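Notes for the one structure printed next.
The values are calculated or read from the model by the stated rules, or taken from the named source; none is laboratory data. What you are looking at is a predicted structure, and each value in this text was computed from that prediction instead of being measured. Cβ sites come from the backbone with ideal geometry, for glycine too, and all protein chains shown count toward neighbours.
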Amino acid sequence: MSFAPSPSPLLPCPPGTDAPPTCEVPHFAPVRVGRGRYRLRRLVRSRRRAVALGLAVTAAALVAAGPRGGDGARGHPAAQPVREHRVVETVSAPVRIADGATVRLLRPGDRVDVIAAEESALGGDARVVARGARVTKVPEPADGVSEGGALIVLSVPRSTAARLAGASATARLAVTLC
């Protein structure tokens, strides 16, 4: 029996002789199937992605749990109603300080405490009239007025300005830098 190809189409060829010649197969990366379960592990390993995911989930939870249109806020009711904060209106208050040399140390923008010292026969009593007042202006002294102290302009709330005016009529005023 001969294994040469048969010239006749009626006679069958021996097995394996009809296959094409072998050739080189190129190298390629293997195909992996079913890697879905490892995605979560890769995500957790990457810290930036995990933190971003955590923040996104937290934000979504806060939005979902937040107050709705007509509900009002959730949780315990406030024990006392919340007070409205008023905007404190500041005014410029000119103040004559007893010691003119102290005033020369001040610059606009400095914060000072104003102290009223009342003189009496038994001794002086001092009290703080304004705390943390901002110096807005330090005018130049007039030529002839040096014994009466020096003038400064302070930015204070309206109620403090009234206390400063009252204290300057009855006591000598001094400042301390804050």
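Of the listed requirements (1) under 20 Å from A162 (Cα atoms); (2) touching a Leu at 6+ places or on another chain (Cβ under 8 Å), R127 misses just one: (2).
Per the listing V33, V44, V91, V82, the residue uniquely among the β-branched types (V, I, T) and at pLDDT 75 or above is V91. Here A59, A121, A65 are screened, and the one residue that is farther than 18 Å from L164 by Cα, modelled with pLDDT under 70 and among the hydrophobic types (A, V, I, L, M, F, W, C) is A121. For region 85-108, the set of residues classified as farther than 18 Å from S168 by Cβ, surrounded by fewer than 16 Cβ atoms within 10 Å (Cβ to Cβ) and either over 37 Å from the mean Cα position of the chain (by Cα) or in contact (Cβ under 8 Å) with a residue 12 or more places away in the chain (or both) consists of V88, E89, A101, R104, L105, R107, P108, listed by residue number.
Would you confirm, using the coordinates I've provided, whether R134 is in a helix (DSSP H, G or I), over 30 Å from A65 (Cβ atoms) and at pLDDT 90 or above? So R134 does not fit the description; no.
Across region 165-178, the number of residues qualifying as surrounded by 13 or more Cβ atoms within 10 Å (Cβ to Cβ) and either closer than 14 Å to V135 by Cα or without any contact (Cβ under 8 Å) to a residue 60 or more places away in the chain (or both) comes to 4.
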